[in-house]
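To start, the structure itself, in structure tokens.
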Amino acid sequence: MRAEEKARNFLARYPGPVPIDLEEMALAEGLEVVEWPYRVLEETFLWPCIAVRVGLSRVWRRWVIAHALGHHLQHRGNQLWLRQKDDGLRRRQELQAERFAAWLLMPEEEVSRLHSLDLWTFADHFDVPVECVSLRFPH
């Protein structure tokens, strides 16, 4: 199943207003969001926790939680091991997690309704980083 479909199915299980409450969704999935003093990484999925770097802005914190949920729902196995062993598979899984995050945070129905907004207003409405909006609209 594609990342977009996974995000749609996940949203159907947790209906609510935009911007969605990711930390509540994570808790409902049995995952706790914790802060960790990473220097390089932004997030790591360590069952049953999503560890996010201390000091991220609200929009980036939301993005990395959505990204980690994408890994949780799409990729079983040891992600830390993959970082060191299989660069092609790791890149593919990272792209899938990014697409999942984009479709989760910017749901299809709401995107259709707001297609005429400028980039910054669009990002503000969904509470996402401006830099990540383009991931919702692949070329």
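Annotations for the structure displayed:
- The residue that is surrounded by the most Cβ atoms within 10 Å (Cβ to Cβ), counting only those in the range 48-62 that are in contact with a Leu (Cβ under 8 Å, 6 or more places away or on another chain) and either modelled with pLDDT under 95 or more than 29 Å from Phe122 (Cα to Cα) (or both), is Ile50.
- Subset of the range 85-99 (residues that are assigned to a helix (DSSP H, G or I) and either at pLDDT below 80 or at positive phi (or both)): Lys85, Asp87, Gly88, Leu89, Arg90
- Among (1) hydrophobic (A, V, I, L, M, F, W, C); (2) modelled with pLDDT of 90 or more; (3) part of a helix (DSSP H, G or I); (4) out of contact with any strand residue (DSSP E or B) (no Cβ under 7 Å at 6 or more places or on another chain), the one test that Leu82 misses: (2)
- Residues satisfying the stated conditions in the range 111-126, i.e. in contact (Cβ under 8 Å) with a residue 40 or more places away in the chain and either of a type in the set (S, T, N, Q) or crowded, with 17+ Cβ neighbours inside 10 Å (or both): Ala123, Phe126
- Residue within the range 87-107 that is farther than 16 Å from Ala7 by Cα, touching a helix residue (DSSP H, G or I) at 6+ places or on another chain (Cβ under 7 Å) and of a type in the set (A, V, I, L, M, F, W, C) present: yes
The values are calculated or read from the model by the stated rules, or taken from the named source; none is laboratory data. Because the structure is a prediction, the values reported are computed rather than measured. FYI the Cβ positions are ideal-geometry reconstructions off the backbone, even for glycines, and counts take in every protein chain you see.
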